[in-house]
Amino acid sequence: MPSFTTQIANLYKSGPIIEVLISPSRLLVQMLKDKNQPIPQSVKVLAMIDTGATSTVVRSDIIE
């Protein structure tokens, strides 16, 4: 599971927001390469940290 470290002052300043990089999985990249199809580029987005969440949600327009 990914992890990160931040300072409390940063959380007060910007809130529970971090920059993340969303990329296609290695399996998807390999499948697309095998079919000579274009590989989607990674996308940097801001994400909200929700310590009570049990799953991760990404807007569909980001991953399309």
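Just a few scattered comments:
- Check on ASP61, modelled with pLDDT under 95 and on the phi < 0 side of the Ramachandran plot: yes
- Identity of the residue in the stretch 1-37, under 18 Å from ARG59 (Cα atoms) and exposed (fewer than 11 other Cβ atoms within 10 Å of the Cβ), that ends up farthest from the chain's Cα centre (by Cα): SER25
- Within the option set SER23, SER3, being small (Gly, Ala, Ser) and in contact with a Ser or Thr (Cβ under 9 Å, 6 or more places away or on another chain) holds for one residue only, SER23.
- Hits in the stretch 43-60 - residues which are exposed (fewer than 10 other Cβ atoms within 10 Å of the Cβ) and in a loop (DSSP other than H, G, I, E, B): THR51, GLY52, ALA53, THR54, SER55, THR56, VAL57, ARG59
The values are calculated or read from the model by the stated rules, or taken from the named source; none is laboratory data. Quick caveat: nothing in here was measured; it's all calculated off a predicted structure. Cβ sites come from the backbone with ideal geometry, for glycine too, and all protein chains shown count toward neighbours.
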